[in-house]
Amino acid sequence: MSNPETEWLQRSLQGDEDAFACLVERYQNPVFNLCYRMLGDEFEAEDAAQETFWRAYQHIQRYDPQRSFITWLLSIAAHYCIDQQRKRRMPILAIDDLLEETLPDQAPDPERMASQTEEQKAIRNLLETLNTQDKAAVILRYWYDFSEEEIARALNLSTGAVKSRLFRSRQALANQWQTEAAKRAGKERKQDESPAF
Amino acid sequence: MNHQPFNSWLFEDNELDAAQLVELKQHLQVCPECQRESHAWANVKHMLTSSETAQPRPEFAARWQASLTARRARQERRQVRITLMALAGAALLVLLGLVIYFFSTSSLANLFASVIGTSTQVAVGFVNIAEFVESLLRFLPTALSTGIWLLLAGWICLLCIAWVYSVWRVSHKGVNVHEEIN
């Protein structure tokens, strides 16, 4: 962690609200991204990210400075999202609107936007086939490059459990990808066969 | 065809040694099923690792700070509610305990008699209070006359003092205004 962050953390531990706001500014993207990947909806992700920072702020005294702050934050976010998903079934919402707002500023290239939208949709469809804890493990592994031990610590699981969850998830994701690919191929074939007017 | 251990190798995070890699490659050449799975997983992994980080709407931190006050107020309200509920629960438990105690230590007839006895005592108490107030009202007129004269004299004294003070105040103020004009 760099010096300003250490200082913000020190000040936050002493109850400095402004210093914690700096930490929110610094870590908003990874926390939001985790929530978004877990919940699949921008507004729910915003609420979950806000709630994550609120919980972290409330329990900052429980934070162990020997551990990475982002790991601690992501652990809070993952647990919150797992609870949220257990509480209710995910509503299906349009992802197109979301991308316009959530992706970083880029040149307005419609083709690129369309392909990104497709990709995001595909990722979301894939992740939705996993159960909540498996999804959290996959997200932490592939978006945040967490080791199996770090995932185990973040999700309160044993390393063995994380290994088997990741193994099962990879198989499930590969199978789902094959199913989606077969569907796409079927659609394309139908389009090619349709008579031209 | 036996897909093990190749299928496990495909989905495990462990690094394969050179010999295992050769074995896997050979198996993939003859097993279309494992080949499809390998291809699918490679695509999924690429999608996951190359996907961009989703970002919140601008001013996320400002929104968080703005919500702090509301969250604190909500938390305080919840704590008050919890305390009140705990107190009400405790009171209910004590009441329940008392009821159980009374029912276990005396018979229903005794309880009924004591309830009637207490009610009668309360009613008698009210009657006594009413009688006391009535006698007080009878005694008051004679006692009041002296009190009223004293009150009137007091008020007149107060009004006189107030009148003298206001005359002095107005005259004093008038002089000041005159000085200011000059």
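Quick notes
- The residues of region A:38-56 that are acidic (Asp, Glu), free of Cβ contacts under 8 Å to residues at least 40 places away in the same chain and more than 8 Å from every other protein chain (Cβ to nearest Cβ), listed by number, are A:Asp47, A:Glu51.
- Whichever residue in region B:20-67 is surrounded by fewer than 16 Cβ atoms within 10 Å (Cβ to Cβ) and not in a helix (DSSP H, G or I) and, among such residues, is farthest from the chain's Cα centre (by Cα): B:Glu52
- Test for A:Phe167: is it outside any helix (DSSP H, G or I) and modelled with pLDDT of 90 or more: no
For (1) at pLDDT 90 or above; (2) surrounded by fewer than 17 Cβ atoms within 10 Å (Cβ to Cβ); (3) touching a Gly at 6+ places or on another chain (Cβ under 7 Å), each residue gets a yes or a no:
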residue	(1), (2), (3)
A:Thr52	yes, no, no
A:Ser68	no, yes, no
A:Leu74	yes, no, no
A:Leu99	no, no, no
A:Thr102	no, no, no
A:Ala107	no, yes, no
A:Glu111	no, yes, no
A:Ser147	yes, yes, no
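- If you go through region A:57-81 and pick out every residue that is more than 10 Å from every other protein chain (Cβ to nearest Cβ) and part of a helix (DSSP H, G or I), you end up with 16.
To keep it simple, each residue is scored yes or no on (1) touching a His at 6+ places or on another chain (Cβ under 8 Å); (2) modelled with pLDDT under 85; (3) crowded, with 18+ Cβ neighbours inside 10 Å.
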| position | (1), (2), (3) |
| --- | --- |
| A:Leu34 | no, no, yes |
| A:His59 | no, no, no |
| A:Ala77 | no, no, yes |
| A:Arg89 | no, yes, no |
| A:Gln116 | no, yes, no |
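- The residue of region B:115-165 that is modelled with the lowest pLDDT, among those that are polar (S, T, N, Q) and within 30 Å of B:Phe102 (Cβ to Cβ), is B:Thr118.
- Region A:1-37, subset charged (D, E, K, R) and facing chain B (nearest Cβ under 8 Å), residue farthest from the chain's Cα centre (by Cα): A:Glu17
- Every residue from region B:15-56 that is out of contact with any Leu (no Cβ under 7 Å at 6 or more places or on another chain), within 12 Å of another protein chain (Cβ to nearest Cβ) and charged (D, E, K, R): B:Glu33, B:Arg36, B:Lys45
The values are calculated or read from the model by the stated rules, or taken from the named source; none is laboratory data. All figures in this text were calculated on a predicted structure; none of them were measured in a lab. Positions of Cβ are generated from backbone atoms using ideal geometry, with glycine treated the same way; all protein chains shown enter the neighbour counts.
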